[in-house]
Amino acid sequence: MNAIRVHNFGPPEVMRLEKVADLRPGPGQVVVRIKAAGVNPVDTYIRSGTYPRKPALPYTPGADGAGTIESVGEGVTRVAAGDRVYTAGTITGSYAEEALCHESQVHPLPQHVSFAQGAAVNVPYATAYRAYFQIAHALPGEWVLVHGASGGVGIAALQLARAAGMIIIGTAGTDKGRKLVAAQGAHHVVDHHAPDYLERVLDLTGGRGVDLILEMLANVNLGKDLRVLALRGRVVVIGSRGTVEIDPRETMGRDASILGMSLFNIPDRERASAHAALVAGLENGTLSPVVGQELPLADAPRAHHAVMEPGAYGKIVLIP
């Protein structure tokens, strides 16, 4: 089969399409015939060698994918050959025509959800779900600010918050992105390139501030975020590309909390709970991933450049 392989950490161009052996499942494992693979910013950090967790070389990138069960190993009971699934992690990497997974890493993909959309579920939607409900304990009626709401995690955050009854302010940096944010459920949309956009956030809340912020770029925004939090507000740090300086007094005066999270830390029971909720949302239509670009598998280097560019619009997926 064909798979993207990385033999040395470095720029996107270290990823090469190569022929590798077909996969065979062991006990408790399944082989998924990948129809689409999702591209996430964390994939680029791992590939560059800057991420704290480094896979053994050579490796195939990717945790997110969707396709059909090709074969199952001994003891597998939840799925059977031919079932449509999305992956929430893999053993061998999703940037390939096949991926080996533990049975617990595959979840049902409803018929009305495309494979490209299925490849957009795991990291974006599990991240947003965990941030809201397992880390910040978000409640209906709370005001939430979603930075970079036109990207994969942002769209997931909009749809989950809308379904849960929160009041949403979403930001985006382009007209196209802001239209998408409005269409995906934000009650209010703000241009985060505008110099007064945080004053706009305060105005929208009547000066009270927001209860919860999902922060995708903490090294740029965190110090400013604290100034628009309501009393006992929370910031969940989902992404950061460097260090940041904050004024701790901004947290003291509000009894505010800064909460960090990584999907790598999620306990098995909470992971299973999150995906049960996500599958239900896909089934009932409250969750509907937006795919911005579909690229051939061989264009993985191009996808890694694109996913780090400003002006995010939906999810980037690779098609084997």
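The values are calculated or read from the model by the stated rules, or taken from the named source; none is laboratory data. Source: prediction; values computed, not measured. We place every Cβ from the backbone using ideal geometry, glycine too, and count neighbours over all the protein chains shown.
The rows are residues; the columns are (1) among the hydroxyl-bearing types (Ser, Thr, Tyr); (2) not assigned by TED's automatic domain parsing to the domain that holds Arg200.
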residue	(1), (2)
Glu97	no, yes
Pro108	no, yes
Val144	no, no
Val153	no, no
Ile169	no, no
Thr174	yes, no
Gly177	no, no
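Residues in segment 46-61 that are hydroxyl-bearing (Ser, Thr, Tyr) and at pLDDT 95 or above were compared, and the one that is nearest to Leu297 (Cα to Cα) is Thr60.
Of the listed requirements (1) out of contact with any His (no Cβ under 6 Å at 6 or more places or on another chain); (2) within 20 Å of Ala157 (Cα to Cα), Glu250 misses just one: (2).
Given the structure, is His187 under 30 Å from Thr50 (Cβ atoms), without any contact (Cβ under 8 Å) to a residue 24 or more places away in the chain, assigned by TED's automatic domain parsing to the domain that holds Pro140 and not hydrophobic (A, V, I, L, M, F, W, C)? The answer is no for His187. Taken together, Gly239, Gly233, Gly141, Gly165 contain a single residue that is in contact (Cβ under 8 Å) with a residue 24 or more places away in the chain, touching a strand residue (DSSP E or B) at 6+ places or on another chain (Cβ under 9 Å), surrounded by fewer than 16 Cβ atoms within 10 Å (Cβ to Cβ) and within 27 Å of Ala277 (Cα to Cα), which is Gly141. Looking only at segment 253-305, residues that are charged (D, E, K, R), under 28 Å from Gly185 (Cβ atoms) and assigned to a helix (DSSP H, G or I) come to 3 in all.
A count restricted to segment 206-222 and to residues that are surrounded by fewer than 18 Cβ atoms within 10 Å (Cβ to Cβ) and at pLDDT 95 or above stands at 3.
Against the numbered list (1) within 28 Å of Ile258 (Cα to Cα); (2) modelled with pLDDT of 95 or more; (3) crowded, with 24+ Cβ neighbours inside 10 Å, Gly148 comes up short only at (2).
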